[in-house]
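Encoded as structure tokens, the structure appears first; notes follow it.
Throughout, read-outs are computed from the coordinates displayed, never taken from laboratory work. None of the values given here were measured: they were computed from a predicted structure. As a convention, Cβ positions derive from the backbone with ideal geometry for all residues, glycine included, and neighbour counts pool all protein chains shown.
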Amino acid sequence: MNPPLISLEDVSLSVPNPAGRRKLLNNVNLRLDSGSVLPLIGPSGCGKSTLLRAIVRLSSRDNGNIYFSGKPLEKFHPPDMRAKCIYLHQYPILFASLTDANCITPFTHRAVKTPKPEYYFIVELIERLGLDEDILKIPANHLSGGEAQRIALARAMLIEPKILLLDEPTSALDSDCARLVINTMKTWVKEGDRGILWVVHERDVLSELDAAPLDLAVYREVVR
């Protein structure tokens, strides 16, 4: 049996505050298997985004172990790890250039081993996400919030990671566009040795994902 793409064992997280540290989550355990989507739910401020960031070593953890394909996270060089396990912020950063340049810039980075995609492949992918080819010639800073979310998602998919860590990637989309993105991502995980951790707030999104969620409220620090 293959190891999970990601597994967490007793991971605890805290963030700075004026008194020192504020504990967010205690002893989180989860596993993400190949071909699956695991929704993460929980109240605002409970640490959902911080947990995603800790998985790619953008935030520190207090204790516990994180494994990538059965190996401790610390065994991987961070840039190499982040090319295989991509964290996508709810409000993605796009470069101040044309949209098509945003899609190919990552392929100039040493950690990205995937060959630069052909233009037609980029067009096919963004069309799967409900965008027209014309958008590639628009300055990225002219995109709407929903367009920027989908371009950032396409950019991540082009790198061909094993794992996507998605922080509410449909928050700026209407219901029809959100459904299209969700169905595209459900297909994507089935096309290869892939998985998604997906932070969810909207009930409609959770229903469309059709996957049992992990409620991080279970691991929330109890203030006494």
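Worth a mention:
- DSSP beta bridge pairing in the chain, given as percent antiparallel to the nearest 5: 55 percent
- Take every Cα pair under 8 Å whose residues are at least 6 apart in sequence, average their separation, divide by the length of the chain, and the relative contact order is 30 percent.
- Checking the Cα-Cα distances for Lys116/Lys186; Lys48/Lys190; Lys75/Lys113; Lys48/Lys113; Lys48/Lys137 against a 27 Å cut-off, the pairs over it are Lys48/Lys113; Lys48/Lys137.
- Packing rank of 3-12, 199-208, where each peptide gets the mean count of other beta carbons within 10 Å, highest leading: 3-12, 199-208
- Degrees, to the nearest 10: 175-190 long Cα axis against longest axis of the chain: 80 degrees
- Once the Cα atoms are used to define both axes, helix 145-158 deviates from the longest principal axis of the chain by about 90 degrees.
- Fully extended contour minus Cα-Cα distance, from Ile93 to Arg22, at 0.36 nm per residue: 22.8 nm
- Applying 1/(1 + (r/R0)^6) with r as the Cβ-Cβ distance of Thr114 and Arg179 and R0 = 25 angstrom yields a FRET efficiency of 0.35.
- Helix-derived mean residue ellipticity, 222 nm - over the chain, DSSP H n ≥ 4, -39500 (n - 2.57), to 500: -9000 deg cm²/dmol
- Centre separation in Å (Cα based) which lies between the range 138-168 and the range 35-59: 18 Å
- Those residues of the range 73-102 whose amide nitrogen sits under 19 Å from the label point placed on Asn141, 7 Å along Cα→Cβ: 91-102
- The charge dipole of the range 115-196, taken about its Cα centre with unit charges on the Cβ of Lys, Arg, Asp and Glu (plus for the first two, minus for the last two), comes to roughly 280 debye.
- Only the Cβ atoms of Lys and Arg (+1) and of Asp and Glu (-1) were treated as charged; on that basis the dipole of the chain about its Cα centre amounts to roughly 1080 debye.
- Charge-dipole axis of the chain as Lys and Arg at +1 and Asp and Glu at -1 on Cβ define it, positive-most pick from Ser49, Pro79, Ala156: Pro79
- The gain in end-to-end length when the Asn29 to Glu9 segment is fully stretched comes to 6.7 nm, 0.36 nm per residue minus the alpha carbon separation.
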